[in-house]
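Peer 1: One structure is given below, represented as structure tokens, and several questions about it will come after.
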Amino acid sequence: MGHTATWESEQKKKIAGFIAVDSLARQSCVYHLGSLFRGAMPSARAEALARRRYLDGALYSSFSSIDDLTTHVRQVLRESDWDQCEICLRIEQEREALENAVAAASRAAKSSNAGST
């Protein structure tokens with residue numbers, strides 16, 4: 001895939017993401033630009049908004065057909081089907097794992113010290 005094709009694909013994905021957020025089917029993380037997760041509305045609402053915008057003529061230059069647009073919207077919806085920002089979730093899980101490791105090391109050190117006295 002050439003540079004232009006990659007750029008066009010990324011642009012389509014960004015537009016699909018904006019539609020998903022505008023429809024309230026997805027939310028955008030305030031901390032991590034471009035990270036989307038489930039919104040308050042069902043995913044079908046994003047597809048309906050995409051169709052409406054395409055038929056209004058707003059997206060003719062970016063997508064070759066309604067199917068092209070809805071395919072990209074569905075892809076964004078699948079990739080962002082999280083209860084919260086994927087990056088925030090990963091950071092939270094890493095923090096918890098680190099806290100658990102520190103607590104376990106502390107318990108081991110206390111146990112070792114108690115056994116040596």
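Peer 1: If you go through segment 6-41, how many residues are assigned to a helix (DSSP H, G or I) and not hydrophobic (A, V, I, L, M, F, W, C)? First the steps, then the outcome.
Peer 2: Start the filter on segment 6-41 by keeping residues that are assigned to a helix (DSSP H, G or I), which leaves 6-22.
Next, only the ones that are not hydrophobic (A, V, I, L, M, F, W, C) stay: 6, 8-14, 17, 22.
Residues in segment 6-41 being assigned to a helix (DSSP H, G or I) and not hydrophobic (A, V, I, L, M, F, W, C): 10 in total.
Peer 1: Any residue in segment 55-67 that is farther than 18 Å from residue 12 by Cβ, at pLDDT below 95 and assigned to a loop (DSSP other than H, G, I, E, B)? Working first, answer last.
Peer 2: Restricting attention to segment 55-67, the residues satisfying the condition of being farther than 18 Å from residue 12 by Cβ are none.
No, segment 55-67 contains no residue that is farther than 18 Å from residue 12 by Cβ, at pLDDT below 95 and assigned to a loop (DSSP other than H, G, I, E, B).
Let's see how each residue does on (1) in contact (Cβ under 8 Å) with a residue 60 or more places away in the chain; (2) within 21 Å of residue 37 (Cα to Cα); (3) of a type in the set (Ser, Thr, Tyr):
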residue	(1), (2), (3)
71	no, yes, yes
78	no, yes, no
85	no, yes, no
88	no, yes, no
93	no, yes, no
104	no, no, no
108	no, no, no
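Peer 1: Going by the conditions given, is residue 76 surrounded by 10 or more Cβ atoms within 10 Å (Cβ to Cβ), closer than 23 Å to residue 5 by Cα and either modelled with pLDDT under 95 or assigned by TED's automatic domain parsing to the domain that holds residue 8 (or both)?
Peer 2: yes
Peer 1: Oh, and also: Checking residue 108 against (1) modelled with pLDDT under 95; (2) within 22 Å of the chain's Cα centre (by Cα); (3) not assigned by TED's automatic domain parsing to the domain that holds residue 12, which single condition isn't satisfied?
Peer 2: (2) is the only condition that residue 108 fails.
Peer 1: Tally the residues that are among the hydroxyl-bearing types (Ser, Thr, Tyr) and outside any helix (DSSP H, G or I), restricting the search to segment 68-96.
Peer 2: Going residue by residue through segment 68-96, those that are among the hydroxyl-bearing types (Ser, Thr, Tyr) are 70-71, 80.
Now narrow it down to the ones that are outside any helix (DSSP H, G or I): 80.
Within segment 68-96, residues that are among the hydroxyl-bearing types (Ser, Thr, Tyr) and outside any helix (DSSP H, G or I) number 1.
Peer 1: Quick one: count up the residues across segment 14-62 that are surrounded by 13 or more Cβ atoms within 10 Å (Cβ to Cβ) and either of a type in the set (A, V, I, L, M) or within 16 Å of residue 85 (Cβ to Cβ) (or both).
Peer 2: Summing the residues that are surrounded by 13 or more Cβ atoms within 10 Å (Cβ to Cβ) and either of a type in the set (A, V, I, L, M) or within 16 Å of residue 85 (Cβ to Cβ) (or both) in segment 14-62 gives 24.
The values are calculated or read from the model by the stated rules, or taken from the named source; none is laboratory data. Just so you know, these numbers come straight off a predicted model, no measurement behind them. Don't worry about glycine lacking a Cβ; one is built from the backbone with ideal geometry, like all the others, and counts go over all protein chains shown.
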